[in-house]
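This report concerns only the one structure given below.
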Amino acid sequence: MRVYIASILIILSINLSAQEYEFNVERPKVEITTSPSYGYLYQNISHPINITVSDSNRNFRYELAGGEFLVTDTGSFLIPHAKNEANFNIYEQYKGTERLVYSINYVVFDEVKAYLRGKPSDVAMLDVLLLSGKLEAVSKAKNKLLTYDVKSFTLIYKDLKSDGFISLDVEGNSIPITTRKIMVNLPDGSLIYYENIKVELENSITATIAPYRVTMQTMNAKGVQSFD
């Protein structure tokens, strides 16, 4: 009887050692944080973002659905192109598959654009109104207009003494008075360009927005020189 039992134990031992066991070990959760914490993004504006991952040995894919995720020498940026909303997603890549491990939904405000005297780009404007006007930056969120300060711009207009153009870097949101007194002598139909327009937005973001162009219509009374 003892020999019989011993034989059974030996057979069971051989069978158990020959079997292969697979264990599904759950992959530890990775901790991800981003900063700054935006509640919204501006369409076609670069927003800096810092991403911190608890396990740097893992592989991830980053995407901004409704825009682009851009990595440069100066950092990482979110640039939304779609209207209304965008989603920043992070996928972990592991053993040939991807899984979503982080996601943020952003409200997207309309593109910030320059206005002069409440008029959009590519309009005609009387010289006195144009030259004394102040640039402002405007966006829209849920039908609500949002305005922002223009910090600086580059003014370009045709030189009165040549066929070339004069380029002037301006601090603030309006043409300097000394320059206005020169430009009032420009001929009717002169094109005035505002380029490199820098705007201060929320979250300490300074952005460069699209150029502004306006055609200057001259008044008959060229003696008008006051632009205060």
task = Taking 7 Å along the Cα-to-C-beta vector as the label spot, tell me the ASN143-GLU202 distance in nanometres, rounded to one decimal.
result = 2.0
task = Using the Kirkwood radius over Cα pairs, work out the Stokes-Einstein diffusion coefficient for segment 139-228 at 10 °C and 1.306 mPa s, in µm²/s as a whole number.
result = 107
inquiry  = Sort ASP55, ASP188, ASP73 by heavy-atom solvent-accessible area, probe 1.4 angstrom, most to least.
reply    = ASP73, ASP188, ASP55
query = In whole percent, how big is the carbon plus sulfur part of the accessible area of segment 110-228, probe 1.4 Å, protein atoms only?
reply = 48
query = Amide H neighbours of GLU111 under 5 Å, counting only residues 5+ apart in sequence or on other chains, H built in-plane at 1.01 Å?
reply = GLN43
request  = Report the accessible area of MET183, computed with a 1.4 Å probe over the heavy atoms of all protein chains in place, in Å² rounded to the nearest 10.
outcome  = 0
note = Descending accessible area (1.4 Å probe), largest on the left, turns LEU201, LEU100 into LEU100, LEU201
inquiry  = Let's test the formula: R0 of 41 Å, r as the Cβ-Cβ distance of SER103 and LYS151. What FRET efficiency results, to the nearest 0.05?
reply    = 0.75
key: Average accessible surface area per residue within segment 113-217, 1.4 Å rolling probe, Å²   = 55
query = For the residue pair ILE166 and ASP55, what label-to-label distance in nm results when each label sits 7 Å from Cα along the Cα-to-beta-carbon direction?
reply = 6.5
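Report the per residue volume, in Å³, of the convex hull enclosing the C-alpha atoms of segment 32-109.
On the way: hull volume 7.1 nm³, N = 78.
Cα-based convex hull of segment 32-109, divided per residue, equals 92 Å³.
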remark   = In segment 32-109 the accessible area split gives carbon plus sulfur, as whole percent at 1.4 Å, a share of 46
inquiry  = List the lysines whose Cα sits under 28 Å from the Cα of LYS151, skipping any in the same chain fewer than 8 residues away.
reply    = LYS83, LYS113, LYS119, LYS134, LYS140, LYS142, LYS181, LYS198
query = Taking θ as phi - 60°, what are the ³J(HN,Hα) couplings along segment 193-203 by the Karplus curve (6.51, -1.76, 1.60), each to the nearest whole Hz, with x for Gly and Pro?
reply = 10, 10, 10, 6, 6, 9, 10, 9, 9, 5, 6
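The values are calculated or read from the model by the stated rules, or taken from the named source; none is laboratory data. As the structure is a prediction and not an experimental result, all values here were calculated from the model. Note that we place each Cβ from the backbone using ideal geometry, even for glycine, and neighbour counts take in every protein chain shown. The accessibility values were calculated without ligands, DNA or RNA, using every heavy atom of the protein model including side chains. Shrake-Rupley method; radii C 1.70, N 1.55, O 1.52, S 1.80 Å.
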